[in-house]
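Below: the structure, in structure tokens.
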Amino acid sequence: MLLEKIAEPNEESRLPLTISKQESRLYMSFMYVAFISLFIGGMMGLLQTLVRSGTITLPWGIDYYQVLTLHGVILALVLTTYFIIGFQFSLMGKTVGISQKQHKAAWLSFWVMVVGTIMTAITILLGKANVLYTFYAPLKAHPAFYIGLALVIIGSWIAGIVNFRQLYVWKKKHPGEKSPLLAFMVTINMLMWIIASIGVAVAVIVQFIPWSLGYAETINVLVSRTLFWYFGHPLVYFWLLPAYMAWYAIIPKIIGGKLFSDSLARLAFILLLFFSIPVGFHHQLTEPGIDPTWKFIQVVLTFMVVIPSLMTAFSIFATFEITGRRKGFKGLYGWFKHLPWKDVRFLAPMIGMLAFIPGGAGGIINASHQMNAVVHNTIWVTGHFHITAATTVVLTFFGITYWLIPHLTGRTLTKSINRLGIIQAIIWTVGMTIMSGAMHIQGLLGGPRRSSYSEYGGTEQASEWIWYQIAQAVGGSILFIGILLMVFIFIKLTFFAPKGEEEFPIAEEEEDATPTPMFLENWKLWIAITIALILFAYTIPFVDIIQNSPPGSPPFDWPIGNS
Amino acid sequence: MHLHKYEKIWLTFGIGSLVIFLVVLAFGAFWQGTHPQSHGVTIDPENIEANDAFKPENLGITKVSDDKYIVNIVATAFNYNLGVDEEGKPVKDIRIPKGSTVLFQVTTKDVVHGFNVAGTNINMMVEPGYISSYETVLDNTGEFTIVCNEYCGVGHHLMFATVEVYE
Amino acid sequence: MGNVQERKTKSDTEKNEPDLKGTFISVMLVGVFLIVSWVGIYTLFMVR
């Protein structure tokens, strides 16, 4: 579809580079892991919804929480991280290029992550790590679980450092020029990721590993949770930012338009870097050991991170309207009707964008200090991140898949695959609306998350909840069909679609766009502000937590079925 | 950097709404005392009975005065200990008259638990080493399920009790 | 002088300010949705 010859480079530095066969292999390796994860994780999700509806019990002594741990780890941590790193490498390769040395280091990051992933996965499959993906202390998994996780994080750091190096080398070669927008965005995302994941790495390496090996007798539970959530919220922005990259800089090209504003896009990303990290307390609002004033301060910072998303909403609609009007579609909504709805590269991410409206609304509610008590740890929260991560982010990633995979494998997105993709996006939307909708309502009625099927002693409330759990099983089954279809499409695009050249769509600026101010490239300042905000939000409450610590906790492994 | 005039209006409106949300929340939290529970009261999880509230005879519901009650609960995997009745059987249901002021105090002897009286704002994390507490007026009648809503192990979904608020 | 300046600003604005009425209405609808959802849950918080 849309075969487009790469234009003759008249201004060499600005134009997308070509991705070599050797590079494609690297980027595709990340994609293979991502789509294998999608399949396994999706299957686990289906099993959960069926168990919770009371229709099946798991055979062979498999535990519900083992399935749930696998689902969370493999989708929230493995699928996302591999897809994002692979996609970001391809963006860097296309916009700033990759050297031989960087290429080797990128492979190193891949293999370190794979070794870690396999270690963690085996531990879960053997039933030795039924601790869910948040692995809250003092539940203790087998040490291999934590060591594997540490390796995944370290591998991702190598990838981030390669990305920084790629931009650095490019800038040396292009003094005084602004960096390509997508390379700028990738760098922001990896900066945020590295700064944030230091928290969870410290928790895992300093606290969990020695404790699980028996070298440390006790663990400070609240410190471990605080370090986890210092990482946990930027984690969700690490998923969202690649979707924003596609919305800002790729979708405009697909709909035949231009960038709305290069500088506003960069500004939004800088704000996201600032305010994604110093906000972890909004996941700990109902915890007993954190000062409420500091909780509220982080709530205010959380609300700040909404602002770049408000800007993004405007930019996207504006891109659509300007493009439509330029094509001659009149009236208030002519431009909307005439968007390329039949092009799956547009449709899938577009549904993702629309899903972010209820997703964002839910997010503001969750972070609203005392109001969090209405929804905290109810299945509303599960509904929330299935509409954000599993719809907004995932559908955008699917939208990227339709052109990125054939571009890398030298094939094309045919009309029939495009049609399958549209069906896939619709199945996903229907399944998710039913599942996530039912989760939101059940959550407001008090239904808990992370729980296997239970009648709770036959209370009236529990008998109401079950109907929503049945609806979730219906939605979950529809979604599983969507996953099978997506895996089929991935295999087709990788091995069987006709040979050809698929466009790597990157939007350009308007000819007469106002120039991007150079101060936006002031990396040192951005990093300094980010760190200052983190120190402001965390220093005092963290010292307070440590000074007022209760006795530490010994490891508990019998509650998860190990002893 | 140029902002379209509509974008200026939109951002003013959006940021303004966020500010109003925050003011409403801050008013409730700082002036009316509706902060989420955060008392920072610690306890030794291996010797909770050192604290009077969690001595076996003080578990469950205690009437303090006419319309004031205290409910003390010890959470363990996978049970809420609400004390025992006259026959020595574990209490699983508590009954409270409507309009009472009730202080819930919960702690754990082992791992992290949740404590949610489903359908109310009584929703707390229960972590080893801390006492979670929340005082509220029970104005709505009905039978409410207490559920553990933080994963605590393979029997997590079997951890529950009930509160009945009657006229 | 002042006149020229004014005319320049005006033509500048025309060039840089595309017609974005549809966009404006769309984002305001998003805003209304955010407010309605938030107020809804806030009410739930208050009555519980």
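Matching residues to (1) open to solvent by less than 10 Å² (accessible area, probe 1.4 Å); (2) free of Cβ contacts under 8 Å to residues at least 40 places away in the same chain:
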| residue | (1), (2) |
| --- | --- |
| A:Pro59 | no, yes |
| A:Leu68 | no, no |
| A:Phe87 | yes, no |
| A:Gly93 | yes, no |
| A:Ala105 | no, no |
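Residues in the range A:368-391 that are aliphatic (A, V, I, L, M), over 14 Å from B:Leu25 (Cβ atoms) and within 11 Å of chain B (Cβ to nearest Cβ): A:Val375, A:Ile379, A:Val381. Scanning the range A:300-326 for residues that are within 7 Å of another protein chain (Cβ to nearest Cβ), surrounded by 23 or more Cβ atoms within 10 Å (Cβ to Cβ) and within 17 Å of A:Ala537 (Cα to Cα) gives no hits.
Do we find that A:Ile357 is assigned to a helix (DSSP H, G or I), farther than 30 Å from A:Phe490 by Cα and open to solvent by 20 Å² or more (accessible area, probe 1.4 Å) in this structure?
On the way: assigned to a helix (DSSP H, G or I): yes; farther than 30 Å from A:Phe490 by Cα: no; open to solvent by 20 Å² or more (accessible area, probe 1.4 Å): yes.
No: the conditions fail for A:Ile357.
Here B:Ile20 meets each of (1) open to solvent by 60 Å² or more (accessible area, probe 1.4 Å); (2) in a loop (DSSP other than H, G, I, E, B); (3) without any contact (Cβ under 8 Å) to a residue 24 or more places away in the chain with one exception, condition (2). Put simply, of A:Ile153, A:Ile124, A:Ile161 the only residue that is more than 19 Å from A:Ala34 (Cβ to Cβ), assigned to a helix (DSSP H, G or I) and touching a residue at least 40 places away in the same chain (Cβ under 8 Å) is A:Ile161.
When A:Tyr244, A:Tyr237, A:Tyr248, A:Tyr215 are checked against the criterion of being among the hydroxyl-bearing types (Ser, Thr, Tyr), more than 23 Å from A:Phe184 (Cα to Cα) and more than 14 Å from chain B (Cβ to nearest Cβ), a single residue qualifies: A:Tyr215.
For the range A:435-463, the set of residues classified as open to solvent by less than 20 Å² (accessible area, probe 1.4 Å), part of a helix (DSSP H, G or I) and over 30 Å from A:Val344 (Cα atoms) consists of A:Gln442, A:Gly443, A:Tyr456, A:Ala462, listed by residue number.
Among all residue pairs at least 6 apart or on different chains, which show Cβ distances below 6 Å where the first residue, located in the range A:495-513, is over 24 Å from A:Gln88 (Cβ atoms) and touching a residue at least 24 places away in the same chain (Cβ under 8 Å) and the second is of a type outside the set (Phe, Trp, Tyr) and open to solvent by 40 Å² or more (accessible area, probe 1.4 Å)? Close Cβ pairs satisfying both conditions: A:Glu510/A:Lys258.
Conditions (1) modelled with pLDDT of 95 or more; (2) at the interface with chain A (Cβ under 7 Å from one of its Cβ atoms); (3) outside any loop (DSSP other than H, G, I, E, B), marked per residue:
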residue	(1), (2), (3)
B:Val71	yes, no, yes
B:Ala75	yes, no, yes
B:Val106	yes, no, yes
B:Val111	yes, yes, no
B:Phe115	yes, no, yes
B:Met125	yes, yes, yes
B:Tyr151	yes, yes, no
B:Val154	no, yes, no
B:Ala161	yes, no, yes
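Is it true that some residue in the range A:393-401 is open to solvent by 10 Å² or more (accessible area, probe 1.4 Å), among the β-branched types (Val, Ile, Thr), within 13 Å of chain B (Cβ to nearest Cβ) and under 28 Å from A:Met435 (Cα atoms)? No; the residues of the range A:393-401 include none that is open to solvent by 10 Å² or more (accessible area, probe 1.4 Å), among the β-branched types (Val, Ile, Thr), within 13 Å of chain B (Cβ to nearest Cβ) and under 28 Å from A:Met435 (Cα atoms).
Screening A:Asp544 against (1) within 14 Å of chain B (Cβ to nearest Cβ); (2) over 31 Å from the mean Cα position of the chain (by Cα); (3) part of a loop (DSSP other than H, G, I, E, B); (4) not aromatic (Phe, Trp, Tyr) leaves a single unmet condition, (3).
Considered as a group, the residues in the range B:79-104 that are among the β-branched types (Val, Ile, Thr) and more than 18 Å from A:Thr459 (Cα to Cα) include one that is nearest to the other protein chains (Cβ to nearest Cβ), and that residue is B:Val102. Residue count for the range A:510-541 satisfying the condition of being surrounded by 15 or more Cβ atoms within 10 Å (Cβ to Cβ) and away from every other protein chain (no Cβ under 13 Å): 8.
The single condition among (1) within 18 Å of A:Leu408 (Cβ to Cβ); (2) among the aliphatic types (A, V, I, L, M); (3) open to solvent by 40 Å² or more (accessible area, probe 1.4 Å) that A:Ala497 does not satisfy is (3). Is it the case that A:Met44 is open to solvent by less than 20 Å² (accessible area, probe 1.4 Å), within 29 Å of A:Leu408 (Cβ to Cβ), in a helix (DSSP H, G or I) and out of contact with any Phe, Trp or Tyr (no Cβ under 8 Å at 6 or more places or on another chain)? In short, no.
Evaluate the following for A:Phe274: is it in contact (Cβ under 8 Å) with a residue 40 or more places away in the chain, open to solvent by 10 Å² or more (accessible area, probe 1.4 Å) and over 23 Å from the mean Cα position of the chain (by Cα)? Judged against the criteria, A:Phe274 is not a match.
Each residue in the range A:328-345 was checked for being surrounded by fewer than 23 Cβ atoms within 10 Å (Cβ to Cβ), touching a helix residue (DSSP H, G or I) at 6+ places or on another chain (Cβ under 8 Å) and more than 18 Å from C:Leu29 (Cβ to Cβ), and 6 pass.
Conditions (1) open to solvent by 30 Å² or more (accessible area, probe 1.4 Å); (2) over 28 Å from the mean Cα position of the chain (by Cα), marked per residue:
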{"site": "A:Glu177", "(1), (2)": "yes, yes"}
{"site": "A:Pro180", "(1), (2)": "no, no"}
{"site": "A:Ile188", "(1), (2)": "no, no"}
{"site": "A:Ala196", "(1), (2)": "no, no"}
{"site": "A:Val202", "(1), (2)": "yes, no"}
{"site": "A:Ile205", "(1), (2)": "yes, no"}
{"site": "A:Leu213", "(1), (2)": "yes, yes"}
{"site": "A:Glu217", "(1), (2)": "yes, yes"}
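If you go through the range A:178-190 one residue at a time, do you hit one that is more than 22 Å from B:Ala77 (Cβ to Cβ) and without any contact (Cβ under 8 Å) to a residue 12 or more places away in the chain? There is no residue in the range A:178-190 that is more than 22 Å from B:Ala77 (Cβ to Cβ) and without any contact (Cβ under 8 Å) to a residue 12 or more places away in the chain. The single residue among A:Ile466, A:Ile483, A:Ile470, A:Ile427 that is of a type in the set (Val, Ile, Thr) and open to solvent by 40 Å² or more (accessible area, probe 1.4 Å) turns out to be A:Ile470.
Please pick out the residue among B:Asp52, B:Asp44 that is open to solvent by 60 Å² or more (accessible area, probe 1.4 Å), facing chain A (nearest Cβ under 8 Å) and within 30 Å of B:Ala75 (Cα to Cα).
That would be B:Asp44, the only listed residue that is open to solvent by 60 Å² or more (accessible area, probe 1.4 Å), facing chain A (nearest Cβ under 8 Å) and within 30 Å of B:Ala75 (Cα to Cα).
Pairs needed: first member in the range C:9-35, at pLDDT 90 or above; second member anywhere, polar (S, T, N, Q) and assigned to a helix (DSSP H, G or I); C-beta distance under 6 Å; at least 6 residues apart or different chains. The qualifying pairs are C:Ile35/B:Ser17. Taking the numbered list (1) under 22 Å from B:Ile43 (Cα atoms); (2) without any contact (Cβ under 8 Å) to a residue 60 or more places away in the chain in turn, B:Asp139 passes all entries but (1).
Only one residue in A:Ala373, A:Ala348 is of a type in the set (Gly, Ala, Ser), touching a Leu at 6+ places or on another chain (Cβ under 7 Å) and either outside any loop (DSSP other than H, G, I, E, B) or open to solvent by less than 40 Å² (accessible area, probe 1.4 Å) (or both), so which one is that?
On the way: A:Ala373 fails: touching a Leu at 6+ places or on another chain (Cβ under 7 Å).
Exactly one residue qualifies, and that residue is A:Ala348.
The values are calculated or read from the model by the stated rules, or taken from the named source; none is laboratory data. These numbers were taken from a predicted model, which means no experiment stands behind them. We place every Cβ from the backbone using ideal geometry, glycine too, and count neighbours over all the protein chains shown. Side chains are part of the model used for accessible areas, which takes the heavy atoms of the whole protein and leaves out ligands, DNA and RNA. Shrake-Rupley method; radii C 1.70, N 1.55, O 1.52, S 1.80 Å.
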